[in-house]
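A.B. asks: So that we are looking at the same thing, I have put the structure below in structure tokens.
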Amino acid sequence: MAGLKKWFPPAILTQSGGMAERKEVIVGRFGFGRIPRRAAVLCGAVSGMVALVCIGYLRCCPGDYIEPATMWKLTASAILYAAALSAALLLKRRWARLVYFAFPAVLAWEEALNFAPVDRYYAAYQLAFAMLAAAWCWCADAVAGELIAKRCRWLAGLPTLLLGGTLFLLPVTILAHRLTSGRKFTYDSIQAVYQTEPAEAFYYCFTHFIGIFLLLLGAAVCCGVFWLNRLGKKEPAPRGVLIATAAVTLALSPWILQEFTGREALNRTKVLFTDSLGYFDVIESYAAGDAARLAEVEKSVEKSGDDGIYVLIIGESHSRRHSSAYGYETDTTPFLRRAAAAPDCVLMKEVYSCHVQTMQVLTMLLTARNQYEKRSEGMYPSIFDVANYCSYETVFLSNQYPHGRFDSPVAALASGARQGIWLNTMEDFILWRARPDGALLERLPELLQGKRKLVVVHLMGSHGPYFRRYPEKFRPELEWYPYDKSILYTDTLLEKMIGMFRENPRVKAAVYVSDHSEVPGVGHAADLFEPEMTEIPMFLYLSETLRKQRSALEWTLRKNAGRVFTNDLVFELMLDLMGIRHRFCTPALRIASPEYALKPEEARTLWGALPLERAGAE
């Protein structure tokens with residue numbers, strides 16, 4: 001009994017001996033001894049309300065698809081949210097903490113106004129993210145606040161201000177901007193904020209309505225938190241509750257960290273800010289190296305090159321294993337299959353990606369960097385740097401978007417082109433407004449003009465979600481898996497592009513290569529690596545004019561078509577096709593050279609970290 005008195009007040013130690021005493025102690029300690037039925041009813045009512053609101057919200061959203069992996073997250077988050085809300089109501093103390101449970105509603109309202117429409121596919125993720133964040137913040141606040149209250153009750157609201165302020169800062173800022181100005185908060189808004197000097201920001205806060213509104217709102221919230229925390233029960237929370245809450249907080253911390261920072265952390269509000277700011281940093285860093293890259297070009301390149309238009313088409317998540325040109329049973333690539341026998345096309349048989357994520361691939365594919373040779377200077381010019389130096393017009397045409405965790409470095413490389421055309425913004429993808437790759441065909445003809453030009457076309461290809469990568473009415477008679485259907489759509493576009501090139505005598509050569517492959521349903525990521533993620537298709541278009549002028553080049557490419565090749569060496573291939581004399585790579589690594597000698601046991605992936613043979617690539 002003496003030991004129990006340390007943990008439990010004497011008032012509840014009313015029985016002695018055996019299980020009866022322990023049951024009375026535990027039940028009394030958690031405060032449910034007198035109202036077990038009322039507590040059960042409250043928990044049931046809260047759980048039912050949460051379930052009904054979630055189902056109702058999802059049913060009100062357009063669309064009929066929810067990612068299966070999101071369902072378990074949504075269910076678990078709803079249970080945690082209901083449990084935390086029930087605990088908050090049963091404890092009856094520090095009512096300011098209830099503000100966390102408004103977060104899902106505030107986030108949904110803000111995103112409906114700023115990013116509308118929200119479809120069911122995203123809404124399921126949005127709810128799971130918001131309820132998890134609310135539950136974790138309440139748990140963390142309950143632990144920290146009660147510990148602080150033991151020292152100074154007036155400061156018990158400090159965790160609520162810090163955690164709540166952090167959680168609500170972005171959605172409330174966007175809501176305030178939307179409601180006061182009537183305009184959406186977009187990338188351009190963030191750019192304006194990013195370029196604002198501190199003095200300008202200070203002046204704005206005290207002279208504009210939205211600035212004054214946010215300041216007054218912040219002051220009101222601070223006062224409200226401290227006032228609300230004085231209501232309710234005065235005694236400290238039961239120690240058992242604090243221990244349980246602390247355990248839940250620690251257990252949920254890895255999950256909440258993953259949701260905020262991980263690869264799948266796709267909350268629209270957060271992504272709008274973090275990806276935009278990351279883009280500014282990358283662009284500024286890349287621009288700072290312009291002079292050094294130019295010096296490297298002058299040292300390694302002769303001002304040379306053949307007239308004509310050269311096109312590099314970069315696919316996305318295109319798997320060789322799902323291409324009928326490489327033996328897949330479903331005829332997903334009828335054009336590539338026929339092109340293998342065409343006199344003006346060369347189908348490369350054994351091509352692999354240098355990584356399994358777009359950013360890492362393109363920082364090699366579009367530059368002099370590769371997995372096999374290291375430059376002591378560490379400076380790698382891009383294909384645009386070299387083409388500009390040799391007096392080519394340079395164009396980057398993309399159906400992706402420039403501002404993002406995975407796109408900003410690509411946008412930095414693309415900024416080296418004289419003309420950059422992005423058909424989509426980050427908001428387009430967030431709102432599912434992005435058009436399929438067929439939109440590229442509307443812009444491509446006007447770009448296939450000129451005497452000396454390099455055009456790089458970046459597809460959205462077969463990046464998930466697959467059903468978004470082709471028009472809704474594309475081949476409705478085919479009841480294929482959406483990934484295979486996206487491959488067929490890309491093949492259809494490639495056929496139309498090659499048709500344009502064949503009709504345009506200015507186009508000398510074109511290369512199609514995917515950035516990396518995909519395991520349908522799994523995706524592509526280094527931490528989920530599978531050999532299939534590296535196995536990609538590649539083919540070349542060589543015009544009749546080029547084949548007549550450089551027959552030895554055609555012979556060499558056909559001879560090497562069956563040899564192992566990794567797409568970090570596409571940079572040198574493009575320069576060789578263009579006739580630019582350079583010293584970026586040894587002939588043994590240039591597939592357009594008769595001396596090409598990359599052996600299967602020497603080929604690598606994951607930026608050189610993994611031999612392809614060990615990876616198990618076919």
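The values are calculated or read from the model by the stated rules, or taken from the named source; none is laboratory data. Not measured: the values here are computed from a predicted model. Note: ideal-geometry Cβ built from the backbone for every residue, glycine included; neighbour counts use all protein chains shown. Surface accessibility is based on the protein's heavy atoms, side chains included, excluding ligands, DNA and RNA. Shrake-Rupley method; radii C 1.70, N 1.55, O 1.52, S 1.80 Å.
A.B. asks: Give, rounded to the nearest 20 debye, the magnitude of the charge dipole that the range 275-611 has about its Cα centre when Lys and Arg contribute +1 at Cβ and Asp and Glu contribute -1 at Cβ.
C.D. replies: Values: 39 positive and 45 negative charges, 209 e Å.
That gives a dipole near 1000 debye.
A.B. asks: Something else now. Let me check I've understood the local charge: for PRO343, count other residues with C-beta under 9 angstrom from its C-beta, Lys and Arg +1, Asp and Glu -1. What total comes out?
C.D. replies: For residues surrounding PRO343, the net value is -1.
A.B. asks: Please work out how much length the chain gains when fully extended from ARG38 to ALA76, using 0.36 nm per residue of separation minus the C-alpha to C-alpha distance, in nm with one decimal. The partial results should precede the final answer.
C.D. replies: Numbers: separation 38, 0.36 × 38 = 13.68 nm, distance 2.45 nm.
Gain on extension, ARG38 to ALA76, equals 11.2 nm.
A.B. asks: While we're here: Taking every alpha carbon pair in the range 473-605, what does the distance histogram look like in 10 angstrom bins from 0, in percent?
C.D. replies: Bin by bin from 0 Å, the calculated values are 10, 33, 33, 20, 5, 0.
A.B. asks: Also: Suppose each label sits 7 Å from its Cα in the direction of the beta carbon; what would the ILE421-GLN549 distance come out to in nanometres?
C.D. replies: Once both label points are built, they end up 2.3 nm from each other.
A.B. asks: In what order, largest first, do HIS463, HIS524 sit by accessible area if the probe radius is 1.4 Å?
C.D. replies: Greatest to least solvent exposure: HIS463, HIS524.
A.B. asks: Given q = 0.16, 0.17, 0.28 Å⁻¹, what are the Debye log10 I(q)/I(0) values for the range 318-389, with equal point scatterers placed on the Cα positions and solvent ignored?
C.D. replies: -0.78, -0.83, -1.17
A.B. asks: Please work out the FRET efficiency for the pair LEU155 and VAL53, using the Cβ-Cβ distance as r and a Förster radius of 35 Å; give the result to the nearest 0.05.
C.D. replies: Rounded to the nearest 0.05, the efficiency is 0.55.
A.B. asks: Over the alpha-carbon set of the range 114-153, work out the extent along each principal axis and list the three values in angstrom, largest first.
C.D. replies: Principal extents (largest minus smallest coordinate, Cα): 48, 18, 6 Å.
A.B. asks: Continuing with the same structure: With N set to the residue count of the range 275-611, report its C-alpha Rg divided by 2.2 N^0.38 Å to two decimal places. Display every interim value, and only then the final one.
C.D. replies: Numbers: Rg = 18.5 Å, N = 337, 2.2 N^0.38 = 20.1 Å.
So the range 275-611 has a normalised radius of gyration of 0.92.
A.B. asks: A follow-up question, please. Quick one: which residues, 5 or more positions from HIS516 or on another chain, have an amide H under 5 Å from its amide H? H modelled 1.01 Å from N in the peptide plane, none for Pro or chain starts.
C.D. replies: Those lying under 5 Å, H to H, from HIS516 are SER317, HIS318.
A.B. asks: Same structure, new question: I need the Kirkwood Rh of the range 74-163: take the reciprocal of the average 1/r across all distinct C-alpha pairs and report it in angstrom. Intermediate results must be reported in sequence, preceding the final value.
C.D. replies: On the way: mean 1/r = 0.0717 Å⁻¹.
Taking the inverse mean of 1/r over all distinct Cα pairs, the range 74-163 comes out at 13.9 Å.
A.B. asks: Roll a 1.4 Å probe over the protein chains and send me the accessible area per residue for the range 522-608 in Å².
C.D. replies: 37
A.B. asks: Could you sort 443-449, 607-613 so that the peptide with the highest average Cβ count within 10 Å comes first and the rest follow in order?
C.D. replies: My ranking of the peptides, most packed first, is 607-613, 443-449.
A.B. asks: Right, next: Could you give the length gained by full extension between ASP527 and ASP331, i.e. 0.36 nm per residue of separation minus their alpha carbon distance, to one decimal place?
C.D. replies: 67.5 nm
A.B. asks: Now for a separate question. In µm²/s, what is D for the range 428-477 at 20 °C and 1.002 mPa s, where D = kT/(6 pi eta Rh) by Stokes-Einstein and Rh is the Kirkwood radius from Cα pairs?
C.D. replies: The calculation lands on 166 µm²/s.
A.B. asks: Rounded to the nearest 10 Å², what accessible area does THR75 have for a 1.4 Å probe in the complete protein model?
C.D. replies: That residue has around 80 Å² of solvent-accessible surface.
A.B. asks: Return the subset of LYS508/LYS548; LYS303/LYS374; LYS299/LYS508; LYS473/LYS496 for which the Cα-Cα distance in this structure is over 22 Å, preserving the input order. Before the final figure, lay out the partial values.
C.D. replies: Values: LYS508/LYS548 11 Å; LYS303/LYS374 24 Å; LYS299/LYS508 27 Å; LYS473/LYS496 18 Å.
As for pairs spanning more than 22 Å Cα to Cα, those are LYS303/LYS374; LYS299/LYS508.
A.B. asks: State the percentage of accessible surface on the range 503-615 attributable to carbon and sulfur atoms; use a 1.4 Å probe and exclude ligands, DNA and RNA.
C.D. replies: Numbers: 2150 of 4250 Å².
The C+S portion of the solvent-accessible surface of the range 503-615 is 51 percent.
A.B. asks: Can you tell me how much longer the chain between TRP227 and GLU298 gets when fully stretched, taken as 0.36 nm per residue apart minus their C-alpha distance, in nm with one decimal?
C.D. replies: 18.7 nm
A.B. asks: Continuing with this model, one more query. With Kirkwood's inverse mean 1/r over C-alpha pairs for Rh, give me the Rg to Rh ratio of the range 498-544, two decimals please.
C.D. replies: Rg divided by Rh gives 1.23.
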